[in-house]
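Before any comments, here is the structure.
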Amino acid sequence: MAILEVKNIKKSFGKTEVLKGISFSLNEGEVISLIGSSGSGKTTLLRCLNFLETPDSGTISVGDNVLFDGENSKALTDNEIRENRLHFGLVFQSFNLFPQYNVLDNVTLAPKLLKKGSTEEIEQNARALIDKVGLTEKIGNYPCELSGGQQQRVAIARALAMNPDILCFDEPTSALDPELTGEVLRVIKGLKESGSTMIVVTHEMEFAKNVSDKIIFMADGVIEEMGTPEQIFENPQSDKTRHFLQNSLEKI
Amino acid sequence: MSFLEVTSFLWDGFMVSLLIFAVTLLCGAPLGLPIAFCSMSRWKPLKVISKIFVWIVRGVPLMLQIFIIYYVPGLLFDFPLFSHVDRYVSINFGIADAGRILAVLIAFTINYACYFSEIYRGGIESISKGQYEAGYVLGLTKSQIFKKIILKQVIKRIVPPMSNEIITLIKDTALANCIMVCEIIKQAKELAATKALIWPLFFTGVFYLIFVGLLTIILGRVEKKLDYFKS
Ligand SMILES: Nc1ncnc2c1ncn2[C@@H]1O[C@H](COP(=O)(O)OP(=O)(O)O)[C@@H](O)[C@H]1O
Ligand SMILES: [Mg+2]
């Protein structure tokens, strides 16, 4: 059963239409990789899912809940938006850790403020997550004392601590030195193995091919092509997809 | 006059300087916050009004603002408020200059609140959008984000400019003598006029230097306390 159902999402900034009707669905435990050239609207799509942007029209449903319905014109209240956000997690390209908190406190801050359990439960869970991303030794360190790859792994643990239904990644390795991308991609791969449902915007084609159940190729605000990794990488139907894949191979 | 007598006479004046300093800091620093929020308001009229207000207060000499506050009630409403306060307090409580000091405190508080508000605004606006968004996607409320994530980063960023402003403030208190408030330099001038002693005027510098030295140490400690993270 689809855990996420996105139908005909449209979004414009002023006169530029950035998303021109995006529809897809995602089953529990599946991983979708979102690929496409810069400016095609990938970030905007993730931001709509996380309610950092409000779509102009379309619907977003998680399980049986319709979180957003463009037809239903009454605006969502701040509280409804906040509750909607709890279904999703988002890992940013630039980590955005809270600099004044150490690793443990970064991970426990939101669960503690939102009273997701007793302090002991929250801390125990946080320690387990920090262990999962391989940073137990750094648990008392501040973000400025960590490498980019370590910061991004903390950001992943922080997102997981709220136990989202769907975890989104916006180019999680683009801000990293090449030798640090591996550690982050391995963590994401580990999450896939433990059954997390994820949407990953990435330029790492090899990773997308290996980890995804489904690939979405976006161009100019539409889904140009969608399919299994085999379909997209071995046998792309659209010229645009072929062109994009060729270019991204040439770069390497 | 002996050295000790002069020092004690100047000390009385310095107490007035310190009073102006403390009240301005204690009232101006909190008052700067609503002004900063008004200047950042999404409601245009409020934003424009508060920006014009800040522009005027920062654009006009503080000495002129002291004159305006002190003389305007008398000139406009034919009610010299601060002279009345002066007389009333000195008759009933035997304390001189209360009205003049009050006028100075009002002028200083407004003036410094505007300077502080600009520092706050700069500090708040310098925090990246990503910090707010990281809080939003975790499901936090706006006020949780401000209190638990943004505030400390803002404080860290405003400590150095606030320190500068605070050190300027103690020296600015000398402006109060433009309406004859007996702060330390006014006291020294008094000695020059009545006892033909000029050295006390230069000696006042020592008072300022010692106090600024103390402030520098304290503010340096605060800065150091926030050194454990980079933002
Ligand atoms: N807040 C915004 N205001 C105006 N234009 C925006 C905004 N956010 C994104 N855009 C525009 O939307 C287009 C798609 O951007 P984005 O979703 O970031 O693409 P991608 O992540 O695929 O590179 C770009 O042309 C970008 O300039
Ligand atoms: Mg992007």
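The values are calculated or read from the model by the stated rules, or taken from the named source; none is laboratory data. Because the structure is a prediction, the values reported are computed rather than measured. Every residue, glycine as well, gets a Cβ built from its backbone with ideal geometry; the counts of neighbours run over all protein chains shown. Remember, those area values only see protein heavy atoms, side chains included, never the ligands or the DNA or RNA. Shrake-Rupley method; radii C 1.70, N 1.55, O 1.52, S 1.80 Å.
A straight line joining the Cα centroids of segment B:21-60 and segment B:78-132 runs 12 Å.
The alpha carbons of segment A:132-212 occupy a box of 34, 29, 18 Å along the principal axes, longest dimension given first.
With 10 Å bins beginning at zero, the pair-distance distribution over Cα atoms of the protein assembly as shown amounts to 4, 16, 21, 18, 13, 11, 9, 6, 3, 0, 0 %. For segment B:3-94, the fraction of 1.4 Å probe accessible surface lying on carbon and sulfur atoms is 76 percent. Using a probe of 1.4 angstrom and keeping all protein chains present, the accessible surface of segment A:166-252 works out to 49 square angstrom per residue.
Amide H contacts under 5 Å for residue A:203: none, restricted to partners 5 or more places along the chain or on a different chain, H placed in the peptide plane at 1.01 Å from N.
Across every direction, the projection of the convex hull enclosing the Cα atoms of segment A:1-110 has a mean area of 8.7 nm². In segment B:12-122, taking the dipole from charged Cβ atoms about the Cα centre, the farthest positive-side position among B:39, B:23, B:102 is held by B:39. Of the residues in segment B:144-191, those shielded by at least 20 Å² of accessible area once partner protein chains are present, compared with the chain alone at a 1.4 Å probe, are B:144, B:148, B:149, B:153. For the pair residue A:234 and residue A:206, label points projected 7 Å from Cα toward Cβ lie 2.0 nm apart. Per residue, the accessible area of segment B:116-231 comes to 48 Å², computed with a 1.4 Å probe over protein heavy atoms only.
Computed about its Cα centre, the charge dipole of segment B:58-123 is approximately 140 debye, with only Lys, Arg, Asp and Glu carrying charge at their Cβ. Remark: spin-label model distance residue A:242-residue A:141 equals 4.8 nm, labels positioned 7 Å along the Cα→Cβ axis.
Which trypsin sites (Lys or Arg not before Pro) in segment B:1-107 pass both tests, a DSSP loop state and at most 14 other beta-carbon atoms within 10 Å?
Values: sites: B:42, B:47, B:51, B:58, B:87, B:100; in loops: B:42.
For trypsin sites (Lys or Arg not before Pro) across segment B:1-107 that sit outside H, G, I, E and B with at most 14 neighbouring Cβ atoms in 10 Å, the list reads B:42.
If the segment from residue B:64 to residue B:151 were pulled out straight at 0.36 nm per residue, it would be longer than the present Cα-Cα gap by 27.8 nm.
Under a 5 Å amide H cut-off, with hydrogens placed 1.01 Å from N, residue A:91 pairs with A:168, A:169, A:170 among residues at least 5 apart or on other chains. Between B:54, B:181, B:206, the GNM of chain B built on Cα springs shorter than 10 angstrom shows B:206 fluctuating the most.
Remark: accessible area buried at the A-B interface is about 2100 Å², both chains counted, probe radius 1.4 Å.
Modelled spin labels at residue A:127 and residue A:38, positioned 7 Å past Cα toward Cβ, are 4.4 nm from each other.
In a DSSP loop and with at most 15 other Cβ atoms within 10 Å, the trypsin sites (Lys or Arg not before Pro) in segment A:7-99 are A:15, A:74. Per-residue 3J(HN,Hα) values for segment B:18-24, derived from phi via the Karplus relation 6.51 cos²θ - 1.76 cosθ + 1.60 with θ = phi - 60°, read 5, 4, 4, 4, 5, 5, 4 Hz in sequence order (x marks Gly and Pro).
Placing R0 at 22 angstrom, the Cβ-Cβ distance between residue B:26 and residue B:71 gives a FRET efficiency of 0.25 after rounding to 0.05. With a Förster radius of 30 Å applied to the beta-carbon distance between residue B:128 and residue B:41, the computed FRET efficiency rounds to 0.90. Its residues counted as N, segment B:19-132 yields a C-alpha radius of gyration over 2.2 N^0.38 Å of 1.29.
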